[in-house]
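Below is one structure, written out as C-alpha cells; the observations come after it.
The values are calculated or read from the model by the stated rules, or taken from the named source; none is laboratory data. All values reported here derive from a predicted model rather than from experimental measurement. Every residue, glycine among them, receives a Cβ derived from its backbone with ideal geometry; neighbour counts consider all protein chains shown. These area figures cover heavy atoms from the full protein model, side chains too; ligands, DNA and RNA do not enter into them. Shrake-Rupley method; radii C 1.70, N 1.55, O 1.52, S 1.80 Å.
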Amino acid sequence: MTTIRIYVTYKPSVFDPQGAAITDSVNSLGHQEVKNIVVGKFFDIKLNEDDQDKAKQDVKEIAEALLVNFNMETYRLKVLEGN
C-alpha cells in the first residue's frame with residue numbers, strides 16, 4: 001500500500017486572489033513581515049501498490065488527466081511515509 005500526496009498550486013505567473021486576500025488580512029493584523037502567502041490544494045491518494053515508482057506513475061497520470069489545470073496550475077508529488 002502506498003499513499004501519495006499531490007500538491008497543486010498556481011503557476012508563479014498566475015495571480016492568486018485567495019493568497020493575496022489572506023496576505024492582506026495577515027498584514028492588517030500587524031504582521032507586516034509576511035510578504036506573500038500561497039494558497040493551494042492537496043489530494044492524498046492511497047493505492048494498493050507496493051512499488052512506489054509504479055504508484056507515482058499511476059498518480060501522475062491521474063493528476064495530469066483530471067486534477068491539474070495546466071493553463072494555470074502546477075503540481076508535485078510526495079510519497080507519504082507510514083501508510
note = Reported set for the range 21-53 where residues are in contact (Cβ under 8 Å) with a residue 12 or more places away in the chain, in a helix (DSSP H, G or I) and open to solvent by less than 50 Å² (accessible area, probe 1.4 Å) is Thr23
Number of positions in the range 1-20 that are in a loop (DSSP other than H, G, I, E, B) and either open to solvent by less than 50 Å² (accessible area, probe 1.4 Å) or in contact (Cβ under 8 Å) with a residue 24 or more places away in the chain (or both) = 4
ask   = Within the range 65-78, can you find the residues that are over 17 Å from Gly19 (Cβ atoms), open to solvent by less than 80 Å² (accessible area, probe 1.4 Å) and either of a type outside the set (Val, Ile, Thr) or modelled with pLDDT under 95 (or both)?
value = Leu67, Leu77
